[in-house]
């Protein structure tokens, strides 16, 4: 999804107008963030948008579609409500339809279909998406490596191995290992 909104203020504006129910919303600035850490479930997006409406009221909107920070059961429940509740012919129903489409020709919103077509059918767009997927794979690998190293560090520490030896064994700095092994105040 991140690729859809990158450098595409008209599309982000369309989506935010539908989500907020404010047809006069004018997007001033839109930034997509790289919040996806793994390839699995790669339908995540974090969109920060700064907008104003026709009365001059300012908005700082953050849209996320991610399981980070949310209980998976609760997140899936809310997602299922969107799937069920918004499968009508309203703008948000058509938007939910388009977000779940894999074929641009089946989409209702031309801006969304146009960007989807570019990312899936244009060689330059395909190349951009390949780069995004490669970056995600690399981030996932690094995150998984760090999680495994942390778990190993904790086990080795429980066996009494010195922190310096643990750091050397797992290939992370002494400072990082100390940080992992130091209890955090809640």
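Order the peptides 144-152, 5-13 from the highest to the lowest mean number of other Cβ atoms within 10 Å of their residues.
For the peptides 144-152, 5-13, the packing ranking is 5-13, 144-152.
Taking 0.36 nm per residue of separation and subtracting the Cα-Cα distance, what length does fully extending residue 24 through residue 108 add?
28.2 nm
Using a Förster radius of 35 Å, what is the FRET efficiency between residue 9 and residue 176 based on their Cβ-Cβ separation? Nearest 0.05, please.
0.35
Ordered by packing density, taken as the mean number of other Cβ atoms within 10 Å over each peptide's residues, highest first, how do 124-131, 17-24 rank?
Order by mean packing, descending: 17-24, 124-131.
The numbers here are math on the coordinates, done by the rules we state, and not lab data. Note that the structure is predicted; figures quoted are calculated from it, not measured. Reconstructed Cβ throughout: ideal geometry from the backbone, glycine too, with neighbour counts over all protein chains shown.
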